[in-house]
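Take a look at the structure below.
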Amino acid sequence: MNKLSNSQIRHLKGLAHALNPVVMIGDKGLTPTVTDELKIALNSHELIKVNIRADDREQKEDIIKKILNKTQSHKIQTIGGKLVIYKESKEKKIALPK
């Protein structure tokens, strides 16, 4: 997994602004079914927004780490209970700046 540059992250943040959450993680946390949905969404869209419901910041950070680890994706940003992640697919749907 290649590290993204600051300009690439800024570009992806701009694209993510208009996105709606595709996957929602609730009280049961990151289940295998949710993990599969995240992988499918990343493969289809490359850049997705995830809604995370967590009781506290520590629990939310733990869920985020698990998501990034299991999907091998990049964290673009978190705002409140929203997480934006990116993973390049084989089709390379999003053109990133150099």
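The values are calculated or read from the model by the stated rules, or taken from the named source; none is laboratory data. Quantities reported herein were computed from a predicted structural model and do not represent experimental measurements. Counting neighbours? That spans all protein chains shown, and the Cβs are built from the backbone with ideal geometry, glycine included.
Which count do you get for residues in region 19-61 that are of a type in the set (D, E, K, R), more than 11 Å from the chain's Cα centre (by Cα) and under 15 Å from H74 (Cα atoms)?
The qualifying residues number 1.
Residues that are hydroxyl-bearing (S, T, Y) and either surrounded by 14 or more Cβ atoms within 10 Å (Cβ to Cβ) or in contact with a Gly (Cβ under 8 Å, 6 or more places away or on another chain) (or both): does region 39-56 have at least one? Step through it out loud before you land on a result.
The initial filter retains those residues of region 39-56 that are hydroxyl-bearing (S, T, Y), namely 44.
Imposing the further condition that a residue be either surrounded by 14 or more Cβ atoms within 10 Å (Cβ to Cβ) or in contact with a Gly (Cβ under 8 Å, 6 or more places away or on another chain) (or both) reduces the set to none.
No; the residues of region 39-56 include none that is hydroxyl-bearing (S, T, Y) and either surrounded by 14 or more Cβ atoms within 10 Å (Cβ to Cβ) or in contact with a Gly (Cβ under 8 Å, 6 or more places away or on another chain) (or both).
Could we say that E58 is at pLDDT below 95 and not hydroxyl-bearing (S, T, Y) here?
yes
Which of the residues belonging to region 20-63 are in a loop (DSSP other than H, G, I, E, B) and in contact (Cβ under 8 Å) with a residue 40 or more places away in the chain?
L30, E46 - these are the residues of region 20-63 that are in a loop (DSSP other than H, G, I, E, B) and in contact (Cβ under 8 Å) with a residue 40 or more places away in the chain.
Can you tell me which residue within region 69-93, out of those that are charged (D, E, K, R) and in a strand (DSSP E or B), is nearest to K49 (Cα to Cα)?
K82
Testing H17 on (1) more than 13 Å from T71 (Cα to Cα); (2) touching a residue at least 24 places away in the same chain (Cβ under 8 Å), one condition comes back false. Which one is that?
(2)
Which one is farthest from Q8 (Cα to Cα), of the residues in region 75-98 that are touching an Asp or Glu at 6+ places or on another chain (Cβ under 9 Å) and not hydroxyl-bearing (S, T, Y)?
E91
Count, please, the residues in region 1-24 that happen to be hydrophobic (A, V, I, L, M, F, W, C), out of contact with any helix residue (DSSP H, G or I) (no Cβ under 6 Å at 6 or more places or on another chain) and more than 26 Å from K98 (Cα to Cα).
Qualifying residue count, region 1-24: 1.
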